[in-house]
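First comes the structure, then the notes that go with it.
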């Protein structure tokens, strides 16, 4: 429920008469979102628990807008009251777009939409990075963040969900094989949760939302989040290579010669390692939200994400050997389901 002491003055200020106030599903977030509309106007109203998170969202919005990245307009906000009033772009996100187009032979339309998203994402990665580093120098996606994600996977998925006995020394060593490589790539803007439900399509144009956990770091994390997104992967799997190669070509084209050289040699390896990393983080979140907190939407992605991880690790030459051992054993024990 919203706080009437805050919302009622807003309704009066913006002359919202006979308002219809509807809660919006917040997924895994602790924030409370509502759509407020009358016969002429519509807004998104959100209440935060964390004033620092709200402040970060507002400042990052300014960075993105300055560089012409498509995001919602901020109508009003208050750090002290911990609320924000936003432009309403509707509910039609990429997840819905793919669901609606599923029964139509319109792969060209999907490819063109994803290319426009990738173009805007690359622009965000490159043009917004420097200012993010200046305003939030502490928000570095460094080795400690990567290791936190893989530890999260161990606790949520391997221990709680699968009851798998991990050799901690070997597991940490395997995690560091990935984190030590990925943490060397820095200097790019990372949305951090760049998946199909966080990209709204408004007037056929993609807009990015939910970026308050942005970091500075590797360019691979966001495209991996987009293309390996468990919510939508099964709908784009047959055009995955087209989209991946488009990202690879366009990113290298738009970065410096030094970056082209380094990224060009190891691009595929770094993308694959980031894919393993991101899917481990997502899988842990699905177990926590879907199974421990009983949010059914997330629960249905636990096993498909685990299976996708198995597939990537099984065929990869660069995956750590201990990860290969873990997933082979899980497959033998019947704990990996619906394998591709």
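Read-outs throughout are calculated quantities, based only on the coordinates presented, and are distinct from any laboratory measurement. Because the structure is predicted, anything quoted here is derived from the model rather than measured. Please note: Cβ atoms are built from the backbone with ideal geometry, for glycine as well, and neighbour counts cover all protein chains shown.
Can you tell me what percent of all Cα-Cα pairs in the stretch 1-159 are more than 27 Å apart? That fraction is 44 percent.
Secondary-structure-derived ellipticity at 222 nm for the chain, considering helices only, amounts to -16000 deg cm²/dmol, per-run term -39500 (n - 2.57) for DSSP H runs with n ≥ 4. The alpha carbons of the stretch 73-166 give a radius of gyration and a Dmax of 20.0, 51 Å, in that order. Restricting the calculation to Cα atoms, every distinct pair contributes to the Kirkwood radius of the stretch 4-87, found to be 13.6 Å. Within the listed set 182, 227, 162, the Gaussian network model of the chain (springs between alpha-carbon atoms below 10 Å) gives the highest mean-square fluctuation for 162. Taken over the alpha carbons of the stretch 133-210 as equal point scatterers, the Debye sum produces base-10 log I(q)/I(0) values at 0.19, 0.22 Å⁻¹ of -0.94, -1.03. Using the Cβ-Cβ distance between residue 317 and residue 79 with R0 set to 56 Å, the FRET efficiency from 1/(1 + (r/R0)^6) comes to roughly 0.70.
Of 226, 11, 158, the residue with the greatest mean-square motion in the GNM of the chain, using alpha carbon springs below 10 Å, is 11.
Each label point was placed 7 Å from the Cα along the Cα-to-Cβ direction; for residue 253 and residue 18 their separation is 5.2 nm.
Could you check the simple spin-label distance between residue 176 and residue 39, using points 7 Å along Cα→Cβ, in nm with one decimal? Result: 6.8 nm between the two label points.
Please tell me the relative contact order of the stretch 4-87 in percent, rounded to the nearest whole number, where contacts are Cα pairs under 8 Å and at least six residues apart. Reported relative contact order: 22 percent. In the elastic network of the chain, a GNM with C-alpha springs shorter than 10 Å, the most mobile of 223, 304, 23 is 23.
Using only the Cα atoms of the stretch 184-256, each taken as one equal point scatterer with no solvent, compute I(q) by the Debye sum, divide by I(0), and report log10 of the ratio at q = 0.24 Å⁻¹. Scattering profile of the stretch 184-256, log10 relative to I(0): -1.28. For the Cα trace of the stretch 131-269, dividing Rg by the Kirkwood Rh returns an Rg/Rh value of 0.99. Across the chain, C-alpha contacts under 8 Å between residues 6 or more apart give a mean separation that, scaled by the residue count, equals a relative contact order of 15 percent. Considering all different alpha carbon pairs of the stretch 43-82, the Kirkwood hydrodynamic radius works out to 10.8 Å.
Here the mean projected area of the convex hull built on the C-alpha positions of the chain is 18.2 nm². With contacts taken as Cα pairs under 8 Å and at least 6 residues apart, the stretch 158-216 reaches a relative contact order of 28 percent.
Using the Cβ-Cβ distance between residue 241 and residue 135 with R0 set to 56 Å, the FRET efficiency from 1/(1 + (r/R0)^6) comes to roughly 0.90. Model label points for residue 325 and residue 25, set 7 angstrom from Cα along the Cα-to-Cβ axis, are 4.1 nm apart.
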